[in-house]
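Nothing in this text is a laboratory measurement; each read-out follows from the coordinates by a stated rule. Treat the numbers as computed from the prediction; the structure is a model and nothing was measured. In this analysis, Cβ positions are derived from the backbone assuming ideal geometry, glycine residues included, and neighbour counts consider all displayed protein chains.
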């Protein structure tokens, strides 16, 4: 069970509560402690947090018109936000960044992700391979740089990090953001510290970011303190937060170590990186919709897929426009991430995986249709056309029929939505002001 699921189950126990008394709070806190400790949050932090919730709940009156569950949810939200750290807002200006981390943290991939992040914000970026320990580091970073569309420099086989940094700065002098990917080790030893100090001396980085994997839990705090003592960190980037039940443990431990969390990695794709915002992170854990983040992801996906925004939001729904939407969705990362932004966090894993497979299948089927068939779905009710498209897409006639059925239901829903002023009025509250 991940942290979010544990928190939501604990809060669900309050659904039938009429009053907030000592017994109700103690029972709730037991479940909350179980969820937090199960996600590797440090014991002292868990006890301090639940004590604060108990004190706040019992010393204040339940506001009129607010249910006990909503009141406690708000208390939990505020305390978890304080536990998980502050929001990070980067400066969008020329800079040099040194990336540090141990083996398995995702440092090289994060270097490319960060370069793409700044390049997408109109700051031309490049990466320098200073990893002289891992044999495949050069090739990996070079490949990722090409995929991200950013500059790359490295000297294959070179062991002198100072030489690499010096020549890298010359080669990428036209770039506004230069990111140095350093070597890793199984542990922070004297050899690695010396190497990092050499890079630090030559590169003179504005930022020194430690990359830590969320699945190491509260050990993240110890790592942050050790690296901070060695080279004085400016921040930490936490990876693998999409699938780690110990993400809360890592984030709370880093915050307790008094090192700022800057970015979080939420998936394997190069665009799966977000500015850290504890309010949004905790909101997703508790199942609170994050419509603003969803809109941002949609806009970025449309841009990455080279889709005209007007084309992506066409009023008329046919297979052509549906295919365009599927292209954008494929750029947005795992379906579970999108559902999380909508607050739909407790969908069965099997159902989510089946839906992802179905959407991929539908994209393939539509790709095998003619232009006429895409623009007029009625043509696809012909048995011969069904058979031809199924063969061309490597699917079955049943798959094509499933697409037609789901597509018809989607059209009905869209028509109902367009005619429902009340739904549109409610949704408009979440939309950003233009």
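Quick notes
- Ranked list, fewest to most other Cβ atoms within 10 Å of each Cβ, for 262, 91, 234, 108: 91, 234, 262, 108
- Packing-based exposure ordering (other Cβ within 10 Å, fewest first) of 183, 190, 125: 190, 183, 125
- Taking the number of Cβ atoms within 10 Å of each Cβ as an exposure proxy, the fewest-first ranking of 172, 98 is 172, 98.
- For the range 1-113, the relative contact order is 26 percent, taking Cα pairs closer than 8 Å that sit 6 or more residues apart in sequence and dividing their mean separation by the residue count.
- Span from the the range 179-254 Cα centroid across to the the range 27-95 one, whole angstrom: 26
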